[in-house]
Every structure is written in structure tokens, then in C-alpha cells.
Amino acid sequence: MATKILFATFLLLFECISCHAGTGNDAKDKIEKGNVLYENEQYSEATDLYLDAMNMAKKQNDVQTYVEGLFGLGNVYVRMDDIERAMYYLQRCYEKSKEIDDKVMQGKCVTFMASCSGFVFNLPKARHYYGLQKKLPHENEDMKQFYLFITVLSSAIWKETRNRPGNSFILRLTVR
């Protein structure tokens with residue numbers, strides 16, 4: 001009888017722990033859910049989840065998840081065409097990722113900061129971030145090439161819109 005009670009107590013305890021683990025209150029879970037919302041273009045909902053995740057991560061002293069939240073917010077604001085806010089969060093993400101020596105995240109941040117700088121016609125800043133980007137590792141060679149491409153593309157668009165020499169080959173490619 002005591003064995004049955006002990007076994008039933010163990011099952012109940014295990015079930016409670018399992019239920020609690022699946023509630024989605026973890027900061028990393030919120031980042032993942034925010035990423036799904038971001039991909040589905042639900043930017044305000046993604047922003048809320050990123051902010052919640054960052055608050056949780058800060059309380060848990062989870063700097064990596066906090067950095068991921070900053071990066072997510074930067075991307076959301078890029079998509080919402082709020083480049084000033086995007087740059088703010090991407091710069092904070094870059095600084096925090098330097099603190100934890102996450103070079104891959106640093107590479108992502110400077111890539112997006114270079115592109116954002118090109119979009120707001122700040123070629124000197126775009127060049128600065130492009131220079132930083134070339135020095136940092138990326139997830140793999142394909143991603144590095146992609147990041148370099150979008151940086152160069154944003155710089156080319158900047159030059160075209162600034163100098164207005166007419167349609168260029170690169171601009172025609174972006175329209176297609």
C-alpha cells in the first residue's frame with residue numbers, strides 16, 4: 001500500500017513538473033514564439049514577446065537570450081521602417097554580444113546596421129559597419145555571402161538615389 005501511495009505521489013509530482021515546463025513562460029520560448037510572429041508579419045505581437053523575453057532574461061541573468069531579444073526588436077523595427085529605433089536596438093545588441101563574445105551575433109548586428117545606414121543615406125556609417133562585418137565570423141559561408149551582398153546592395157541603392165544617374169543594373173535586379 002505504501003508503495004502504491006509513493007508511486008502515485010511520484011506520478012503526480014512528475015505530471016506537475018511536466019505541465020509547468022510546458023507553460024511557455026521561459027524567455028527562450030518567448031523568443032522563439034516572437035520569431036514565428038515576426039515571420040508571419042505580426043510585428044506588434046512579436047515586439048511584445050521580445051520585450052517580455054528580455055525582461056525575463058534580465059531577471060534570470062540570461063544575457064544570451066537578452067541579446068536575442070534585442071536582435072529581434074531590431075529586425076521588427078527594420079520591417080516597420082523605423083530605422084532609428086532599429087539602429088538603437090541593433091547597436092545595443094552589438095554591444096551586449098561583444099560583452100559575451102558572441103561573434104556570430106556581432107556579425108548579424110553589423111550587417112543589419114550597415115544596411116540600415118545605407119537605407120537612411122548614411123554611407124560613411126554603412127562603410128564603417130561593412131568594415132566591421134568583414135572581420136567577424138558568420139554561421140556559415142553562405143550566410144556571410146548573403147550578408148555581404150545585402151550590405152553592398154544597400155550601399156549601391158544609396159549611391160543611386162543620392163546621385164540619381166538613372167537606373168542601374170543592381171536597382172533593376174532589386175525590382176524584379
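The values are calculated or read from the model by the stated rules, or taken from the named source; none is laboratory data. Bear in mind the structure is a predicted one, so any value in this text is a computation, not a measurement. No Cβ is skipped: glycine too gets one built from the backbone with ideal geometry, and neighbour counts run over all protein chains shown. In case anyone asks, the SASA skips ligands and DNA or RNA and just uses the protein heavy atoms, side chains included. Shrake-Rupley method; radii C 1.70, N 1.55, O 1.52, S 1.80 Å.
In this structure, is VAL63 modelled with pLDDT of 90 or more, in contact with a Phe, Trp or Tyr (Cβ under 6 Å, 6 or more places away or on another chain) and within 30 Å of HIS128 (Cβ to Cβ)?
Considered against the rule, which asks whether it is modelled with pLDDT of 90 or more, in contact with a Phe, Trp or Tyr (Cβ under 6 Å, 6 or more places away or on another chain) and within 30 Å of HIS128 (Cβ to Cβ), VAL63 comes out as no.
Go through ASN25, ASN75, ASN35 for me and flag whichever is more than 28 Å from GLN133 (Cα to Cα) and either open to solvent by less than 70 Å² (accessible area, probe 1.4 Å) or modelled with pLDDT under 95 (or both). First the steps, then the outcome.
Values: ASN75 fails: more than 28 Å from GLN133 (Cα to Cα); ASN35 fails: more than 28 Å from GLN133 (Cα to Cα).
Criteria check complete, one pass: ASN25.
Need pairs with beta-carbon distance below 8 Å; first residue hydrophobic (A, V, I, L, M, F, W, C) and within segment 129-141, second modelled with pLDDT of 75 or more and open to solvent by 70 Å² or more (accessible area, probe 1.4 Å); sequence gap 6+ or separate chains.
Sorted first by the residue in segment 129-141, then by its partner, the pairs are LEU136/LYS103.
Restricting to segment 43-97, count the residues that are closer than 11 Å to CYS116 by Cβ and within 11 Å of the chain's Cα centre (by Cα). If you could, list the steps in order and put the result at the bottom.
Our first condition is that a residue be closer than 11 Å to CYS116 by Cβ; within segment 43-97, this holds for 74-75, 77-78, 81-91.
Next, only the ones that are within 11 Å of the chain's Cα centre (by Cα) stay: 74-75, 77-78, 86, 89-90.
The number of residues fulfilling the criteria is 7.
Restricting to segment 85-103, count the residues that are open to solvent by less than 50 Å² (accessible area, probe 1.4 Å) and either of a type in the set (D, E, K, R) or in contact with a His (Cβ under 9 Å, 6 or more places away or on another chain) (or both).
Taking segment 85-103 and keeping what is open to solvent by less than 50 Å² (accessible area, probe 1.4 Å), we get 86-87, 89-90, 93-94, 97, 102.
Next, from what is left, pick out any that are either of a type in the set (D, E, K, R) or in contact with a His (Cβ under 9 Å, 6 or more places away or on another chain) (or both): 102.
Counting residues in segment 85-103 that are open to solvent by less than 50 Å² (accessible area, probe 1.4 Å) and either of a type in the set (D, E, K, R) or in contact with a His (Cβ under 9 Å, 6 or more places away or on another chain) (or both) gives 1.
Scan segment 98-151 for residues that are of a type in the set (A, V, I, L, M), part of a helix (DSSP H, G or I) and at pLDDT 80 or above and jot them down.
VAL104, MET105, VAL110, MET113, ALA114
Could you go through segment 49-58 and let me know if any residue there is open to solvent by 30 Å² or more (accessible area, probe 1.4 Å) and touching a residue at least 40 places away in the same chain (Cβ under 8 Å).
No, segment 49-58 contains no residue that is open to solvent by 30 Å² or more (accessible area, probe 1.4 Å) and touching a residue at least 40 places away in the same chain (Cβ under 8 Å).
In this structure, does ASP82 turn out to be surrounded by fewer than 24 Cβ atoms within 10 Å (Cβ to Cβ) and either hydroxyl-bearing (Ser, Thr, Tyr) or farther than 19 Å from ASP62 by Cβ (or both)?
yes
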